[in-house]
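One structure is given here, and the rest of the page talks about it.
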Amino acid sequence: MPADPPRLSPATTAVTAGRPEHVPDAPLNVSLTMASTYVAGGDLEYGRYANPTWTAFEDVLGALEGGRCLSFASGLAAVAAVFDLVGQGAKVVAPHHAYHGSISQLADLESRGRLTTELVDLADTDAMVKACDGAALVWLESPTNPSLEIADIPTITAAAHEAGAYVAVDNTFATPLLQRPLEDGVDVVVHSATKYLAGHSDVLMGAIVTGDDELFRVLKGRRDLVGAIPGTLEAWLATRGLRTLHLRVERAQANAQELVPRLADHPAIGEVRYPGFGGIVSIVLAEGALAADLLTHKTKIWVHATSLGGVESTFERRRRWRSEPATIPEGLVRMSVGIEDVEDLWTDLHTALDDLH
Ligand SMILES: Cc1ncc(COP(=O)(O)O)c(C=O)c1O
């Protein structure tokens, strides 16, 4: 038997997966297939079921996460497909500080009697394990948005499986370069591809990756039925983004690691939250909400904007959103560190911070 080909490193996979075959005159990149329908008799049939431009994106992300990928219209469309896996009245366990859009979806489903939820402190592994009892789905997000709590994914996954529950991880913040939950036994990985995967603040898209063929079939069936599909241009742009994911994540992380100790030393900042990896840092301004709002309006390079994971550094005070829970400090600013020069980023920040003090 021929030996398996050596597994490629993620950097090589990001660049090489999902390309057309190397034959003379083939383009190096998959084309934009603008099609609502296809000539009958093949595998594609109709534009809500399949598109070769989506497939390129799905091949790259699937290879990076180690499973089969389905692209969606947005991160929240992907989240909705996963919540829809559970039966009527089933229990879903989720972190009380996860992305507020995901938690709002759960609250909406619960208010309509579709399911019940138990929100738990994600960092309290014992509490998470206990909550798995009777659950149909354990929803994890690690690190969490915006408090940057970390889950013990292997321990919680083992407890969830023992209880007969599926485990899903929102891997948006870590990306498959820093965390590969399927290797810990997780059933489904979810992404807001809007963030690091696409990476240039010009696309809304989502994705699900699973190693379970039956789950893949069910989730693909849901996507076909509700039509939560990405636009072709979005899929093309997101694939273009994936080609440089490793470089962008590496640089954003290096910049974040350089900024964290400097931020911690600044007297205007009461607390710095950073899990030690990735490009997202949350700071809590010592003087609270007003200081946080002032900071986000004083910088020239850092852009006051929601979202994250783009090449450019952005930040915002999270409690400006009414749906963000009251347990998130009023003065917390979530910073998405970009790939600019770190000294320029710091000069811009500390000039604004010095001005507050
Ligand atoms: C962790 C996380 N998951 C999911 C989403 C939702 O993604 P989208 O905005 O692409 O629907 C977001 C958006 O901010 C997010 O931060």
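The values are calculated or read from the model by the stated rules, or taken from the named source; none is laboratory data. Remember, predicted model here, so these are calculated numbers, not experimental data. Note that each Cβ is placed from the backbone with ideal geometry, even for glycine, and that neighbours are counted across all protein chains shown. Ligands, DNA and RNA are excluded from the accessible area calculation, which covers all protein heavy atoms including side chains. Shrake-Rupley method; radii C 1.70, N 1.55, O 1.52, S 1.80 Å.
The longest stretch of the chain left intact once loop-based trypsin sites (Lys or Arg not before Pro) with at most 12 other Cβ atoms within 10 Å are removed from consideration, loops following DSSP, is 113-299.
Amide H contacts of residue 269: 286, each under 5 Å away and 5 or more positions distant or on a separate chain (H built 1.01 Å from N in the peptide plane; Pro and chain starts excluded). Segment 52-68 to segment 12-30: how many Å between their Cα centroids? Cα centroid to Cα centroid, the span is 13 Å.
Amide hydrogen proximity for residue 117: with H placed 1.01 Å from N in the peptide plane, the residues at 5 or more positions away or on another chain lying under 5 Å are 92.
Residues whose amide H comes within less than 5 Å of that of residue 141, counting only those at least five positions distant or on another chain, are 170 (H built at 1.01 Å from N in the peptide plane).
Phi-derived couplings, Karplus 6.51 cos²θ - 1.76 cosθ + 1.60 at θ = phi - 60°, listed residue by residue for segment 260-276: 3, x, 5, 5, 4, 7, 7, x, 6, 10, x, 7, 10, 10, 8, x, x Hz, with x used for Gly and Pro.
Taking all Cα pairs closer than 8 Å and separated by 6 or more residues, the relative contact order of the chain comes to 16 percent.
Helix 289-298 and the longest principal axis of the C-alpha atoms of the chain enclose an angle of approximately 70°.
Solvent exposure of segment 218-357 amounts to 43 Å² per residue of accessible area, where only protein heavy atoms count and the probe is 1.4 Å. Surface composition of segment 100-229: carbon and sulfur atoms hold 50% of the protein heavy-atom accessible area at a 1.4 Å probe.
When nucleic acids and ligands are ignored and a 1.4 Å probe is applied, residue 321 ends up with an accessible area of around 90 Å².
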